[in-house]
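Let me begin by presenting the structure, written as structure tokens, before commenting on it.
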Amino acid sequence: MLLALLTAVGVLPSPNQRPAPPVPIHGIYVNAWAFGTRRFQDLVRLADSTHINAFVVDVKDDTGYLTYRSEVATAVEIGANRQLRAPDAAARVALLKAHGIRPIARIVVAKDPLLAEKKPAWAVRDTGGGPWTDRKHTRWVDAFNDSVWVYASQLAAEAVRMGFEEIQYDYVRFPDEPKHRLATAVFPSRRGAESSRDGVKRNLALLGERTRALKVPFTIDVFGLTTTADGDMGIGQYWEDLVTVADVVLPMVYPSHYQHGVYGVARPNAAPYLMVRHALEDGLRRARALAPAHTAEIRPFLQAFTLGPPKYTGFHVREQVRAARELGVQSWVLWNPRSAYQRSYFALDSLPPDTTGGSRPRP
């Protein structure tokens, strides 16, 4: 229905049009269910009345199921089409573009319990021979296995043909589990003495090559602590590796995810400005130190949800945006797992003036 309407009024954009964003991205995460229901229209109206200019939309989330009907052989084989969230996804993408909203496809890579179940040879195994699960009893695929990453790139190709203008990969890592639990995990596709960092670095290079061939930016979501941590935290994500392989890196610098005392802040969740500023300062400093090597744009994911006290309001969200902008980081994406966003998050009169010459920049 949406597709017919858009065709009738002549607003369907060319499928070959893949412009790079000429202005900063001010995005929101839109989960698959929100994208496929009436909430989608509410979010479009919110974008039309604020400075939101991008939606990061689940194409494959951490259940392994797809938002649209795929023709990729692996997806068909494992039944990833059985819980379609938005059968008319192409029309919804076209509607975003008609409203000047940049559609960005989010694809979860290693946390895929459906793929792990249906293709056990691609999965993390238990030392006892059975499937390994994390502390929430979720199966993971083996991030050493390049077939896992090729599958993600095949879905990316479909997403680009559908009209998505950027591909954003999440869970490009190994499980973040306690050492005693990881001690029971077997990674069948590990190459010799390869470390978790080696495995992620190798497969990000593969994924980047395949994604750039689609003529779209290669972007990755990473732990917020990567900007500060000295090592890869056991998950394979090391800041210097990440910013030299991707076009855009999105550290998830949520204040609620930092332990008490980090950066000398007693209650990180109650200090959104300080936490985001410190985290981004570290990331920017480390990226600059790699000159003259080209490094990725840093586009943080910011916290638009409540996890413990205090309850997050527009003030807490805008303080994170202020911290980023004061450091020259003009692009950002808000994360709310339910895709529930308050208008107060985007109060323009509470934000420093942008440098794009307009209050509602559109990519």
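The values are calculated or read from the model by the stated rules, or taken from the named source; none is laboratory data. The model shown is predicted, which means the values in this text are computed figures rather than measured ones. No Cβ is skipped: glycine too gets one built from the backbone with ideal geometry, and neighbour counts run over all protein chains shown. The protein model used for the area step is the full one, side chains on, heavy atoms only, and it has no ligands, DNA or RNA in it. Shrake-Rupley method; radii C 1.70, N 1.55, O 1.52, S 1.80 Å.
Could you pull out the residue among Val253, Val243 that is buried (at least 21 other Cβ atoms within 10 Å of the Cβ), β-branched (Val, Ile, Thr) and touching a strand residue (DSSP E or B) at 6+ places or on another chain (Cβ under 6 Å)? Break it down into steps so the answer makes sense when it comes.
Numbers: Val253 fails: touching a strand residue (DSSP E or B) at 6+ places or on another chain (Cβ under 6 Å).
Going through Val253, Val243 in turn, just one is buried (at least 21 other Cβ atoms within 10 Å of the Cβ), β-branched (Val, Ile, Thr) and touching a strand residue (DSSP E or B) at 6+ places or on another chain (Cβ under 6 Å): Val243.
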Exercise for review: Inspect all residues belonging to region 195-214 and state whether any of them is open to solvent by less than 20 Å² (accessible area, probe 1.4 Å), more than 21 Å from Leu290 (Cα to Cα) and small (Gly, Ala, Ser).
Suggested key: yes
Exercise for review: Among the residues of region 38-50, write down those that are closer than 13 Å to Phe346 by Cβ and surrounded by 19 or more Cβ atoms within 10 Å (Cβ to Cβ).
Suggested key: Leu43, Ala47
Exercise for review: Go through the residues of region 140-159 one by one and say whether even a single one is surrounded by fewer than 18 Cβ atoms within 10 Å (Cβ to Cβ), farther than 24 Å from Glu209 by Cβ and modelled with pLDDT of 95 or more.
Suggested key: no
Practice item. Filter region 218-230 down to residues that are touching a residue at least 24 places away in the same chain (Cβ under 8 Å) and open to solvent by 30 Å² or more (accessible area, probe 1.4 Å), then give me how many there are. Key: 3
Review point. Which residue pairs have Cβ atoms closer than 6 Å, lie 6 or more positions apart in sequence or on different chains, and pair a first residue in region 22-36 that is of a type in the set (Phe, Trp, Tyr) with a second residue that is surrounded by fewer than 23 Cβ atoms within 10 Å (Cβ to Cβ)?
Key: Tyr29/Trp335; Trp33/Arg85
Review point. Hey, any hits in region 267-280 for a residue that's touching a His at 6+ places or on another chain (Cβ under 6 Å), buried (at least 22 other Cβ atoms within 10 Å of the Cβ) and touching a residue at least 24 places away in the same chain (Cβ under 8 Å)?
Key: yes
Check your understanding: When region 284-317 is examined, which residues are found to be touching a Leu at 6+ places or on another chain (Cβ under 9 Å) and either surrounded by fewer than 11 Cβ atoms within 10 Å (Cβ to Cβ) or of a type in the set (Gly, Ala, Ser) (or both)?
Key -> Ala296, Ala304
Review point. Just checking, how many residues over region 302-320 are over 11 Å from Ser256 (Cα atoms) and not in a loop (DSSP other than H, G, I, E, B)?
Key: 7
Practice item. Name every residue in region 39-94 that is touching a residue at least 60 places away in the same chain (Cβ under 8 Å) and aromatic (Phe, Trp, Tyr), in order of residue number. Key: Tyr68
